[in-house]
1. Taking the Cα centroid of the range 33-71 and of the range 97-140, what is the distance between the two, rounded to the nearest whole Å?
2. If one computes P(r) from the Cα atoms of the chain, what percent of pairs lie at distances over 32 Å?
3. Pairs of alpha-carbon atoms within less than 8 angstrom and 6+ residues apart define the contacts here; what relative contact order does the chain have, in percent?
4. Among 51, 213, which comes first, second and so on when ranked by fewest other beta-carbon atoms within 10 Å?
5. Specify the angular offset, from 0 to 90 degrees and rounded to the nearest 10, of the alpha carbon long axis of helix 3-24 from the longest principal axis of the alpha carbons in the chain.
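Just so you know, all these numbers are worked out from the coordinates, no wet-lab data involved. Note that this is a predicted model, so its numbers are computed, not measured. Reconstructed Cβ throughout: ideal geometry from the backbone, glycine too, with neighbour counts over all protein chains shown.
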Ligand SMILES: [Fe+2]
C-alpha cells in the first residue's frame with residue numbers, strides 16, 4: 001500500500017468518525033428549540049366567527065367605542081423546530097372579555113358580554129414569522145386562571161393548539177390545565193410577561209409569545 005492510499009484511508013476514517021460524531025452528539029438535538037406544548041382547545045373556540053376577524057380585538061369593524069380591558073400589544077414569532085421563521089402561518093387567538101365571557105353562544109347567551117370586544121382575531125405571518133395582535137390582558141373566569149387561546153394553521157391544516165398565561169399570576173398554580181404541564185420548561189414556554197409600556201400614557205402593556213412548532217407546514 002502506498003503513502004497516498006494510507007493517507008486517503010486515514011482521511012476517510014476521520015471523515016466518517018466526524019460525521020458519526022455529529023450525528024450522535026447531543027448537541028445535534030440541543031440545536032432544536034423547545035417546542036411549545038400543545039394545550040386543550042377548550043369548549044369556546046367561536047361557533048360563529050365575529051363580523052370582524054382582524055388582528056385588532058379592541059375595535060370591532062369601525063366602532064368608535066373600544067373594548068374594556070387593559071390594552072395589550074401581543075407579538076411573537078412562529079418558528080419551526082430548527083428556529084426558522086414560518087411564513088404564511090395563520091395565527092388565531094380567542095379569549096374571554098374583561099368580564100370573563102366568550103363570544104361562543106354556549107357561554108355568552110344569557111350573560112352580559114362586552115360587545116365591543118372582538119373575542120377572536122387572526123393574523124397571517126410574513127417572511128419573518130412575526131405576528132401582532134392588539135387585545136386585552138386576559139382575566140380569570142370561574143375555574144380558570146387567565147389565558148389566551150391560540151391555534152396555528154397553514155394551508156387550512158392545524159399545526160398547533162395551545163394557550164399562554166400571565167407570568168406570576170397567583171391562580172396559575174391552581175389551574176388544572178396549567179398544572180397538566182408537568183415539565184417546568186414546558187410551563188415556562190407558555191408563561192409570558194405582560195409588561196407596562198413606559199411611553200404609553202394610557203397604561204398599555206406589551207407581551208411576547210414565541211411559538212415553536214413541533215412540525216413544519218410541509219409535515220402537517
Ligand atoms: Fe379558555
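1. Here the two parts' Cα centres lie 3 Å apart.
2. Values: 6737 of 24090 pairs.
Considering the chain, 28 percent of its Cα-Cα pairs are separated by more than 32 Å.
3. 26 percent
4. Placing the least packed residue first, the sequence is 51, 213.
5. Value to nearest ten degrees: 20.
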